[in-house]
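To start, the structure itself, in structure tokens.
The values are calculated or read from the model by the stated rules, or taken from the named source; none is laboratory data. Since this is a predicted model, take the numbers as computed values, not measurements. Ideal geometry is used to build each Cβ from the backbone, glycine not excepted, and the neighbour counts take in all protein chains shown. The protein model used for the area step is the full one, side chains on, heavy atoms only, and it has no ligands, DNA or RNA in it. Shrake-Rupley method; radii C 1.70, N 1.55, O 1.52, S 1.80 Å.
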Amino acid sequence: MEANTPQFKLILGSSSTARRKILADMGYQFTTMSADIDEKAIRKEKPEDLVMALAEAKVVVYEGVVREKPSSEAEARQFMKDYANGHAATVSSVLVTNLATGSRRGEWDKVEIYFHDIPDQVIDKLIEEGIVLYAAGGLIIEHPLVLPYIKEVVGSTDSVMGLPKALTERLIKEVL
């Protein structure tokens, strides 16, 4: 066994492919269990409160309004048009529970994303591909078609993808 192999079992409470990849990239071995909840039934006014209530969520905020997964292609198109030459923020949360001791630590993380103009043909390709329909705010900044139109990311990309690495590491250490 390697010296830095954690002496605990880790369970990721999410079915997100991006979160699984980030946690694996961090060197953790884990199993996944996701809660079968209706996230849209949980409402909070402040995005920071909402993500903590959802405890595994990422939400996109545009001009103070929470944007979840687009409900249609038209809504996805509008979301992306709104971001062009503007900005959006993602608010993610991490909640870590030590099941042996009951110790829990949670915190939220916010990232601002600034965009150049996004051409209509790029938006058309993204919608045709369909993956943006399953992303909070219709926002996938790591997508090769989107990357050229990112002006600046203030914060960490892994947080935008749904799991801030540094925050996750710190909270795991705090509950051990």
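Numerical summary
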read-out	value
The one condition in (1) open to solvent by 70 Å² or more (accessible area, probe 1.4 Å); (2) assigned to a loop (DSSP other than H, G, I, E, B) that LYS173 fails to fulfil	(2)
In the stretch 143-156, the residues that are touching a residue at least 40 places away in the same chain (Cβ under 8 Å) and part of a helix (DSSP H, G or I)	TYR149
Residues of the stretch 93-118 classified as without any contact (Cβ under 8 Å) to a residue 24 or more places away in the chain and closer than 21 Å to TYR83 by Cβ, total	0
Complete set of residues in the stretch 58-99 that are among the acidic types (Asp, Glu) and part of a helix (DSSP H, G or I)	GLU73, GLU75, ASP82
Number of positions in the stretch 97-109 that are of a type in the set (D, E, K, R) and either surrounded by 21 or more Cβ atoms within 10 Å (Cβ to Cβ) or more than 22 Å from the chain's Cα centre (by Cα) (or both)	1
Matching residues in the stretch 15-54 - criterion: being at pLDDT below 80, open to solvent by less than 100 Å² (accessible area, probe 1.4 Å) and under 18 Å from THR90 (Cβ atoms)	GLU39, ILE42, PRO47, GLU48, ASP49, LEU50, VAL51, MET52, ALA53, LEU54
Close pairs from the stretch 6-33: first touching a residue at least 24 places away in the same chain (Cβ under 8 Å) and under 15 Å from GLY162 (Cα atoms), partner open to solvent by 40 Å² or more (accessible area, probe 1.4 Å) and part of a loop (DSSP other than H, G, I, E, B), Cβ under 7 Å, at least 6 apart	GLY13/MET33; GLY13/SER34; GLY13/ALA35; SER14/SER34; ALA18/MET161; ILE22/MET161
Selection status of GLU112, within 13 Å of the chain's Cα centre (by Cα), of a type outside the set (A, V, I, L, M, F, W, C) and either at pLDDT below 95 or not in a loop (DSSP other than H, G, I, E, B) (or both)	yes
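Quick grid of which residues meet (1) small (Gly, Ala, Ser); (2) closer than 27 Å to THR101 by Cβ; (3) in contact (Cβ under 8 Å) with a residue 40 or more places away in the chain; (4) assigned to a helix (DSSP H, G or I):
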position	(1), (2), (3), (4)
LEU126	no, no, yes, yes
LEU133	no, no, yes, yes
ILE141	no, no, no, no
LEU163	no, yes, yes, no
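Conditions (1) among the aliphatic types (A, V, I, L, M); (2) open to solvent by 20 Å² or more (accessible area, probe 1.4 Å), marked per residue:
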site: PHE79; (1), (2): no, no
site: VAL94; (1), (2): yes, no
site: ILE123; (1), (2): yes, no
site: LEU126; (1), (2): yes, no
site: ILE131; (1), (2): yes, yes
